[in-house]
Structure formats: structure tokens, C-alpha cells
Amino acid sequence: MPASNKLRIFEKIINNINGIFNTIAAVMLFLLMVQGTADVVGRYLFNSPIIGTMERGQVLLALMVFLSWGYTQIKKGHVRVELFLLKFPPRVRAVTNLATTFLTFVFFVLIVWQATLAAIGTHKAGEVMYVIHWPLAPFQLFVPIGAIFLCLVLILEMIQYLLQIKEGV
């Protein structure tokens with residue numbers, strides 16, 4: 001099987017997984033809205049708020065962000081400044097994009113490493129959320145999971161930039 005076919009298959013797998021993560025994040029957003037609405041209705045109409053709404057909301061919000069990193073990168077949704085870059089020839093743009101993507105990759109590899117260590121430390125300490133007493137470590141693992149799938153997207157982008165440099169386009 002040629003390398004370009006393997007690359008397309010790898011890209012399709014990574015895109016599909018990130019799409020699934022994005023769908024999960026959208027469901028979490030819906031749950032966050034339902035929970036917030038139920039809490040407000042319960043608090044002001046029945047004088048009975050839902051216990052732990054704030055903690056569950058924080059968890060859902062964090063998971064939404066971390067699971068969406070890779071999909072946002074695929075869709076080019078992250079902030080990017082191209083004011084001067086667009087004036088360069090295509091090959092220079094590809095080299096610049098490769099360099100910045102590589103630095104981003106290194107940064108997120110460090111996030112994977114440190115977030116994993118933090119989750120392990122939290123698990124060993126047995127930390128739980130204050131009101132709802134859920135263990136904190138499993139939710140902290142979504143940081144490195146999201147970062148790993150963002151790193152896979154960044155690897156694909158770096159390969160594409162290398163191919164652009166090689167082709168001179």
C-alpha cells in the first residue's frame with residue numbers, strides 16, 4: 001500500500017475520532033444547558049436548587065473544551081495571525097507553518113506529560129470534588145486525552161507541510 005494511502009487512512013481515522021469527541025462535547029454542552037435550566041427553575045420556582053450543579057458544570061465545561069481541541073484544529077478554528085504570512089511565497093509559508101506547528105506540537109506533548117502526572121498525583125492523593133464527592137483524577141485524564149488527539153492532528157499537518165515544501169508549492 002503506498003504511503004499516501006496509509007496517510008489518508010490515518011487521517012480519516014484521526015478525523016473520525018476527533019469528530020466523535022466533538023459530538024460528545026456537543027452532548028455535554030446540551031447537558032450543561034439542561035442542568036443549568038433545571039437548577040434555575042428548581043431554585044426560583046420550587047426553592048429547591050440541584051446540589052452540585054456548579055461542580056458538574058465545571059466538569060462538563062472542561063471536558064467540552066479538551067475533547068474539542070483536535071476537531072477545532074482540523075477545522076482551522078484556532079486563532080491564527082496570517083497578516084504577513086500571506087505575503088510570502090508558498091514554500092516560505094509552508095516552512096513557517098511547519099515551524100509553528102512543530103512548536104505547538106512540542107507544547108502539547110508537554111501538556112500531555114504534565115497533565116498525566118497531575119492526574120496520577122490526584123489519584124494517589126484520593127482527591128474528590130467537594131460537594132458531589134466524585135473522584136477528580138478520571139476527569140483530569142481528559143486533558144491529556146484531548147491533547148494526544150490534537151497532537152495527532154498536528155503530526156498530520158506537519159506531514160502535509162513537509163510534502164508542500166518537498167513539492168515546492
**Fill in**
Largest fluctuation, Tyr130, Tyr71, Tyr44 only, Gaussian network model of the chain with Cα springs under 10 angstrom, belongs to Tyr44
**Prompt:** In deg cm²/dmol and to the nearest 500, what is the mean residue ellipticity at 222 nm of the chain if only DSSP H runs of at least 4 residues count, each as -39500 (n - 2.57), divided by the residue total?
**Reply:** -27500 deg cm²/dmol
**Item:** Dipole in debye (nearest 20) - segment 10-169, about Cα centre, beta carbon charges: Lys, Arg +1; Asp, Glu -1
**Value:** 400
**Request:** Sticking with the crude label model, points 7 Å out along Cα→Cβ, report the distance from Leu85 to Ser48 in nm, one decimal please.
**Result:** 5.4
**Fill in**
If unit charges are put on Cβ atoms (+1 for Lys and Arg, -1 for Asp and Glu) and the dipole of segment 1-139 is taken about its Cα centre, the option from Gly36, His133, Ala25 lying farthest towards the positive end turns out to be Ala25
**Message:** Using 10 Å bins from zero, what percent of all Cα-Cα pairs in segment 1-142 falls into each bin?
**Reply:** 10, 25, 30, 21, 11, 4, 0
**Simple spin-label estimate for Ala118 and Val41 in nanometres, 7 Å along Cα-Cβ** = 3.5
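The numbers here are math on the coordinates, done by the rules we state, and not lab data. Every value quoted in this text rests on a predicted model; they were computed, and no experiment measured them. In this analysis, Cβ positions are derived from the backbone assuming ideal geometry, glycine residues included, and neighbour counts consider all displayed protein chains.
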